[in-house]
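Novice: I am attaching a structure below and will ask some questions about it afterwards.
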Amino acid sequence: MRGVFVDANETLAVIMERLEKPGDPKVRIHRNPDIKPEQYPDILDGAEIAIVDHTALPTDVAKKCAGLKHVVFLGTGARSYMNPEELAELGISVHLIKGYGDTAVAESAIALMWASARVIAMMDREMRGGNWLREDGMQLTGKTLGLIGFGGIAAEVARIASGSGMKVIAWNRSPKSCPGVEFTDLDTVLARSDVVSLHLLLNDETRGMITREKILAMKRGVILINTARAAIVDEAAMIDALKSGHIRHAGLDVFNIEPLPGDHPLTKLPNVTLSAHSAFRTPEASENLIEAAWEHCRRIVSS
């Protein structure tokens, strides 16, 4: 059984090569992170396993990939790039990798929260333009952080935020418990939080979940952090709330269109701090990610 890492950047390619063990299944590394979906059939060339970092795999393209039986997606958000149910109907299993970057993403969420609270990016932009902008920030010690969704990443965010003197409350679809975290209903989290941070997988239940009404149910002057998936939030409603000041500031790592176009409305708003879907990008997380990908490949071949 053969595999192909279809869209490897050089960093992940090097790690993939280094972590290969004797007896591992044969995996060819295609060193080009910028492939187009229609290139899948040629790149796979009949291989049974596709290791995919970020390239969309439409179902109609998958139908043309002769021999493809498994997709190892490097992350948890495969639904943003493919339809696992439709692929399953074709006999293609989608394998996810969870937990590899919990600490990395949590630290990024915290960084976006602090940068948003102290408008660091805004002051940086203005000072580079010759303007000595001095802006009042929000002091976060003693403030309430509300976490929507509570998996491994949110647990790490709670740990760091609690240690910095914030009160942490959370809502999760299934019952959870965590020392120092008060779990409550979603309406309470929205109403009480000075900062709201999203930590949900994208699926049919969560798509568009943060509606205009839910945004208006948040405190006026709230900070919104999203390192999960952009489609969880009604983008137009969020932009309106940013313009009106209902949302004081947004720290965003995920977008409906990626890469984010330079003329996108979010790039025109001063009270938004943007990062390029990079919350998970640390050497430690990349190491965990590729080791887990190899483990998937080993398990697939031995099953």
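The values are calculated or read from the model by the stated rules, or taken from the named source; none is laboratory data. On a predicted model such as this, the values are computed, not experimentally measured, just so you know. Cβ sites come from the backbone with ideal geometry, for glycine too, and all protein chains shown count toward neighbours. Note: areas computed on protein heavy atoms with side chains; ligands, DNA, RNA excluded. Shrake-Rupley method; radii C 1.70, N 1.55, O 1.52, S 1.80 Å.
Novice: Please report how far the C-alpha centroid of the stretch 68-138 lies from that of the stretch 258-289, rounded to the nearest whole angstrom.
Specialist: 6
Novice: Also: For LYS36 and ASP240 in the same chain, what is the full-extension length gain: residue separation times 0.36 nm, less their Cα-Cα distance, in nm?
Specialist: Residue separation times 0.36 nm, minus the Cα-Cα distance, leaves 70.0 nm.
Novice: Return a whole-number percent for the relative contact order of the stretch 102-274, with Cα pairs under 8 Å and 6 or more residues apart as the contact set.
Specialist: About 21 percent, as a whole number.
Novice: In terms of Cα to Cα distance under 12 Å, which aspartates and glutamates are near enough to LYS64, apart from those fewer than 8 places away along the same chain?
Specialist: Filter leaves GLU38, ASP42, ASP45.
Novice: Report, in order of residue number, the helices in the chain meeting two criteria: a C-alpha extent of 20 Å or more along the helix axis, and a mean Kyte-Doolittle hydropathy of at least 0.0; treat each whole DSSP H run as one helix.
Specialist: 102-117
Novice: Roll a 1.4 angstrom probe over the protein heavy atoms and tell me the percent of accessible area of the chain that is carbon or sulfur.
Specialist: Working: 7300 of 14310 Å².
Answer for the chain is 51 percent, counting heavy atoms of protein chains only.
Novice: Also, quick follow-up: Could you tally the net charge around VAL168, taking each other residue with its Cβ under 15 Å from the Cβ of VAL168, Lys/Arg +1 and Asp/Glu -1?
Specialist: The answer is +2.
Novice: A further question on this structure: Give me the accessible area of ASP263, 1.4 Å probe, in Å² rounded to the nearest 10.
Specialist: ASP263 has an accessible surface of roughly 110 Å² with all protein chains in place.
Novice: With a 10 Å radius around each residue's Cβ, average the other Cβ atoms per peptide and rank 223-229, 287-293, 15-21, 79-85, highest first.
Specialist: Packing proxy ranking, top to bottom: 223-229, 287-293, 79-85, 15-21.
Novice: What nm value, rounded to one decimal, do you get for the distance between THR11 and ASP124 when each label is placed 7 Å out toward the C-beta?
Specialist: Distance between label points: 1.6 nm.
Novice: Work out, step by step, the length gained on full extension between GLU20 and ALA217: first 0.36 nm times the residue separation, then minus their alpha carbon distance; give nm to one decimal.
Specialist: Value of the extension gain: 65.9 nm.
Novice: Just grab the label-to-label distance for SER174 and LYS268, each label 7 Å out from Cα along the Cβ direction, in nm (one decimal).
Specialist: Each label point lies 7 Å from its Cα, and together they span 4.4 nm.
Novice: On a full-extension model of 0.36 nm per residue, what is the gain between ASN131 and THR184, subtracting their alpha-carbon distance, rounded to one decimal in nm?
Specialist: On the way: separation 53, 0.36 × 53 = 19.08 nm, distance 4.38 nm.
Length gained between ASN131 and THR184: 14.7 nm.
Novice: Using only the Cα atoms, what convex hull volume per residue in Å³ does the chain have?
Specialist: 150
Novice: Report the accessible area of LYS64, computed with a 1.4 Å probe over the heavy atoms of all protein chains in place, in Å² rounded to the nearest 10.
Specialist: We get 140 Å² for LYS64.
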